[in-house]
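A.B. asks: Questions regarding the structure given below will be posed in turn.
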Amino acid sequence: MTLQPTLQTSDRPRRRTILLVEDEPFVRDATASILERAGFVVLPAQDACEAIRIYEQCQHRIHLVMTDMVLPGRTGQQLGQDLRQHTPELLLLLTSGYSNPEYDTEYPEQNTYFLAKPYSRRSLVEKIEKILNATPLTQVATQAG
């Protein structure tokens with residue numbers, strides 16, 4: 001009989017936290033469910049004001065902000081600018097169902113990415129994993145100060 005080694009706490013994959021900002025309840029709930037099943041911790045927000053409150057309380061735990069481009073009262077880009085006042089290196093994934101060349105431009109050097117709606121479960125998870133895997137955990141940890 002051979003014993004299988006058990007994972008030590010330090011060997012376990014680190015769960016990453018996503019602040020999900022989406023004003024459509026169905027889309028927010030469905031996206032949160034997909035991300036949670038993929039192993040992420042999800043902090044949902046229905047608008048920019050709620051997102052800012054959550055970010056101020058949990059910023060040290062948030063690895064990525066995923067936001068709809070069009071929100072009540074603010075755009076996803078404006079929300080990203082607000083949050084980057086606290087954390088300039090913040091990873092931002094913008095999503096939109098609108099066809100607008102301005103929206104679907106990515107700026108990896110500025111940690112800003114885009115995913116068009118509708119997206120599949122697979123494309124969503126792959127996109128987020130690609131973004132997070134391209135960013136060292138040390139950088140993510142230092143983003144929070």
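A.B. asks: Which residues, counting only those in the stretch 7-47, are among the small types (G, A, S) and either at pLDDT 95 or above or open to solvent by less than 40 Å² (accessible area, probe 1.4 Å) (or both)?
C.D. replies: A30, A32, S33, A38, G39, A45
A.B. asks: Something else about it: Within the bounds of the stretch 54-69, is there any residue that is exposed (fewer than 14 other Cβ atoms within 10 Å of the Cβ), hydrophobic (A, V, I, L, M, F, W, C), assigned to a loop (DSSP other than H, G, I, E, B) and modelled with pLDDT under 95?
C.D. replies: no
Listed here are the residues, each with its yes/no results for (1) in contact with a helix residue (DSSP H, G or I) (Cβ under 9 Å, 6 or more places away or on another chain); (2) under 12 Å from L83 (Cα atoms).
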residue: L19; (1), (2): yes, yes
residue: P25; (1), (2): no, no
residue: A32; (1), (2): no, no
residue: L35; (1), (2): yes, no
residue: L43; (1), (2): yes, no
residue: Q46; (1), (2): yes, no
residue: C49; (1), (2): no, yes
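A.B. asks: Moving on. When both residues are 6+ apart or on different chains and their Cβ atoms are under 7 Å apart, which pairs have a first residue that lies in the stretch 20-32 and is touching a residue at least 40 places away in the same chain (Cβ under 8 Å), and a second that is open to solvent by 70 Å² or more (accessible area, probe 1.4 Å)?
C.D. replies: Matching pairs, first to second residue: D23/Q46; D23/P72.
The values are calculated or read from the model by the stated rules, or taken from the named source; none is laboratory data. As the structure is a prediction and not an experimental result, all values here were calculated from the model. Ideal geometry is used to build each Cβ from the backbone, glycine not excepted, and the neighbour counts take in all protein chains shown. Side chains are part of the model used for accessible areas, which takes the heavy atoms of the whole protein and leaves out ligands, DNA and RNA. Shrake-Rupley method; radii C 1.70, N 1.55, O 1.52, S 1.80 Å.
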